[in-house]
Amino acid sequence: MGPTILLLFLALGLLELPPSSAQECLSKQQVAGTLRQIQKLLSSHEAAQIQSLRNFKKQLMVLQGTTLKQGAKHNETCLLPPPPANGRRLGRKTAVGHEVHFVCDPGFQLTGSETRMCLENRTWSGQPPSCKNINDCASNPCANGGTCVDGVLRYSCLCPSGWSGSNCQAPLYLLHGAAQNSSSFSRQPRCADGLFGSRQCSCDVGFQMRAGGICQDVNECQLFQSARHTRICLHECVNVPGSYRCICPDGYQLQVDQNTCNDVDECAENQHNCSREQTCVNLLGGFRCIRPECPRPHLNTTYVKTSPLQCERSPCPMDSKACQRAAHSISFHHLPLPSNRPVPRVLFTMSTSRFVGDSLRFAILGGNGQGQLMVRRSDQHTGELVLTRPLMGPATLEVELEMSEFARKVLLGKHVFKLTVFVSQYEF
Ligand SMILES: [Ca+2]
Ligand SMILES: [Ca+2]
């Protein structure tokens, strides 16, 4: 800047010289030329100044941006949400865009959001999760006005007077010879006078002669029911005069053999109270009305219900990797299972009808059956879920299975199977 100002003063000085000085001989043209030069000089100087100011401004902006980013990076985290009571939190990353997941302990059902994402405003998406005890009384298992008391993975019935049994299904007067002293359990023998004054007496079928010449009912239940190998009734035995009767728990029907109990299929026999929107699922000893929901839209991934028990993924936006990685289909399956079944036992088979890849992989994604279940491949196109430890009922087991389809090690698609195993209270 210095030389330019000097030049400017020089030029001004030249202009102010008296006409009598040595410079007097400078022509008007020469002065005009000098002025033009000074003007040019000033213009170029002005341009250079503007350019340098612009550069400076740019640098300042870059610097500002970096400082803001660094500050933001440091602050762009959410406060780690606490795990729900009777459940766990999976994942610890709290930066914006990261997700944490929640699962409940066995016997508890998650309400709220299963997955939450740290949003730009540093709050978590969705709703805080909570784990609620699965209502084992939902199927109203207590008969004859019994009151159901819900427990973790089980229930118990408080029976009104006159009723007994685990589901209040048995009238008290019938149980285990409670009416043993009743007069109908002892009878007079049938006697006939024989030759030479002899007298022959006998008892009716189901009675035997006791001391004092009285026919007493045989208590078949007491004699045979207590030992497993001599059991005469699958469930409970009731002694009656001259015979015995087997009774079944509520929700079961005594078969023609008068011994075994078969589940009543309330769904097939239209004995359910499910609404039109619900699907009736037959259980051993009861039924359930269900209405599975598709996952809510998340990260450009949406699902539509293609049948009451199936969700299919809608087409993904071109650039959404999260959507492309999500399962193509989610299907819901319900399996009734008697208590204490021998193991190992195949519970569920997975395969795909639209198999186009060269290999399938199977995995258990989650649920409350871990430690009791495993997946294995049964052939190239089929996988099996195997029960490895006996399950004691009543219990509800939930398991989420994933089948991934590959072609030359490239993932073609995933299918998720959501399986609920309803373990009955009894071994039938
Ligand atoms: Ca009897
Ligand atoms: Ca049933």
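The values are calculated or read from the model by the stated rules, or taken from the named source; none is laboratory data. Because the structure is a prediction, the values reported are computed rather than measured. Cβ coordinates were reconstructed from backbone atoms using ideal geometry, including for glycine residues, and neighbour counts include every protein chain displayed.
Taking the options 360, 365, name whichever one is surrounded by 16 or more Cβ atoms within 10 Å (Cβ to Cβ) and either hydrophobic (A, V, I, L, M, F, W, C) or in a strand (DSSP E or B) (or both). So that I can check it myself, show each step before the final result.
Working: 365 fails: surrounded by 16 or more Cβ atoms within 10 Å (Cβ to Cβ).
Testing whether each residue is surrounded by 16 or more Cβ atoms within 10 Å (Cβ to Cβ) and either hydrophobic (A, V, I, L, M, F, W, C) or in a strand (DSSP E or B) (or both) leaves just 360.
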Neighbours by Cβ (under 7 Å, 6+ apart or cross-chain): first from the stretch 113-124, over 13 Å from residue 93 (Cα atoms); second among the aliphatic types (A, V, I, L, M): 120/96
Unique match (being within 27 Å of residue 87 (Cα to Cα), surrounded by fewer than 17 Cβ atoms within 10 Å (Cβ to Cβ) and modelled with pLDDT of 85 or more) among 148, 131, 137: 137
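Taking residue 366 as the residue in question, decide whether it is closer than 18 Å to residue 333 by Cα and either within 18 Å of the chain's Cα centre (by Cα) or outside the structural domain of residue 410 (by TED's automatic domain parsing) (or both). I'd like the intermediate steps shown before the answer.
Values: closer than 18 Å to residue 333 by Cα: yes; either within 18 Å of the chain's Cα centre (by Cα) or outside the structural domain of residue 410 (by TED's automatic domain parsing) (or both): yes.
Spelling it out, residue 366 is indeed closer than 18 Å to residue 333 by Cα and either within 18 Å of the chain's Cα centre (by Cα) or outside the structural domain of residue 410 (by TED's automatic domain parsing) (or both).
Can you tell me which of 122, 116, 89 is surrounded by 11 or more Cβ atoms within 10 Å (Cβ to Cβ), in a loop (DSSP other than H, G, I, E, B) and at pLDDT 90 or above? Quick ask: steps written out before the conclusion?
Numbers: 116 fails: in a loop (DSSP other than H, G, I, E, B); 89 fails: in a loop (DSSP other than H, G, I, E, B).
Residue meeting the stated conditions: 122.
Within 30 Å of residue 386 (Cβ to Cβ) and more than 16 Å from ligand 2 (Cβ to nearest atom): is that true of residue 312 in this structure?
Working: within 30 Å of residue 386 (Cβ to Cβ): yes; more than 16 Å from ligand 2 (Cβ to nearest atom): yes.
So residue 312 fits the description; yes.
This table checks each residue for (1) among the acidic types (Asp, Glu); (2) more than 60 Å from the chain's Cα centre (by Cα); (3) within 16 Å of ligand 1 (Cβ to nearest atom).
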{"residue": "192", "(1), (2), (3)": "no, yes, no"}
{"residue": "196", "(1), (2), (3)": "no, yes, no"}
{"residue": "208", "(1), (2), (3)": "no, no, yes"}
{"residue": "212", "(1), (2), (3)": "no, yes, no"}
{"residue": "220", "(1), (2), (3)": "yes, no, yes"}
{"residue": "223", "(1), (2), (3)": "no, no, yes"}
Qualifying positions in the stretch 238-253 - within 15 Å of ligand 1 (Cβ to nearest atom) and without any contact (Cβ under 8 Å) to a residue 60 or more places away in the chain: 241, 242, 243, 244, 246
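Could you list, in sequence order, all residues of the stretch 45-84 that are of a type outside the set (Asp, Glu), surrounded by 11 or more Cβ atoms within 10 Å (Cβ to Cβ) and modelled with pLDDT of 75 or more? Outline the logic, then answer.
Initial filter on the stretch 45-84 (of a type outside the set (Asp, Glu)): 45, 47-75, 77-84.
Filter once more, keeping what is surrounded by 11 or more Cβ atoms within 10 Å (Cβ to Cβ): 45, 48-49, 69, 72-73, 77-78, 80-81, 83-84.
Within the stretch 45-84, 45, 48, 49, 77, 78, 80, 81, 83, 84 meet the criteria.
Okay, residues lined up against (1) surrounded by 16 or more Cβ atoms within 10 Å (Cβ to Cβ); (2) polar (S, T, N, Q); (3) more than 16 Å from residue 428 (Cα to Cα):
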{"position": "233", "(1), (2), (3)": "yes, no, no"}
{"position": "245", "(1), (2), (3)": "no, no, yes"}
{"position": "248", "(1), (2), (3)": "yes, no, no"}
{"position": "257", "(1), (2), (3)": "no, no, no"}
{"position": "270", "(1), (2), (3)": "no, yes, yes"}
{"position": "275", "(1), (2), (3)": "no, yes, yes"}
{"position": "278", "(1), (2), (3)": "no, yes, yes"}
Where a residue in the stretch 296-316 is farther than 13 Å from residue 327 by Cβ and free of Cβ contacts under 8 Å to residues at least 12 places away in the same chain and its partner, wherever it lies, is charged (D, E, K, R) and assigned to a loop (DSSP other than H, G, I, E, B), with Cβ under 9 Å and at least six apart: 305/293
Residue 222 assigned to a helix (DSSP H, G or I) and modelled with pLDDT of 90 or more: yes
Some residue of the stretch 93-111 being hydroxyl-bearing (Ser, Thr, Tyr) and free of Cβ contacts under 8 Å to residues at least 40 places away in the same chain: yes
Residue list for the stretch 283-335, filter: within 23 Å of residue 406 (Cα to Cα) and among the basic types (Lys, Arg): 313, 321, 325
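Yes or no: the stretch 384-396 includes at least one residue that is among the hydroxyl-bearing types (Ser, Thr, Tyr), surrounded by 13 or more Cβ atoms within 10 Å (Cβ to Cβ), in contact with a Ser or Thr (Cβ under 6 Å, 6 or more places away or on another chain) and in contact (Cβ under 8 Å) with a residue 40 or more places away in the chain. Break it down stepwise before answering.
Let us first name the residues in the stretch 384-396 that are among the hydroxyl-bearing types (Ser, Thr, Tyr), namely 388, 396.
Checking the rest, the ones that are also surrounded by 13 or more Cβ atoms within 10 Å (Cβ to Cβ) come to 396.
Within this subset, residues satisfying the condition of being in contact with a Ser or Thr (Cβ under 6 Å, 6 or more places away or on another chain) are none.
Taking every residue of the stretch 384-396 in turn, none turns out to be among the hydroxyl-bearing types (Ser, Thr, Tyr), surrounded by 13 or more Cβ atoms within 10 Å (Cβ to Cβ), in contact with a Ser or Thr (Cβ under 6 Å, 6 or more places away or on another chain) and in contact (Cβ under 8 Å) with a residue 40 or more places away in the chain.
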Some residue of the stretch 237-252 being within 12 Å of ligand 2 (Cβ to nearest atom), more than 27 Å from the chain's Cα centre (by Cα) and part of a strand (DSSP E or B): yes
Of all residues making up the stretch 147-170, the number that are part of a loop (DSSP other than H, G, I, E, B) and under 18 Å from residue 136 (Cα atoms): 10
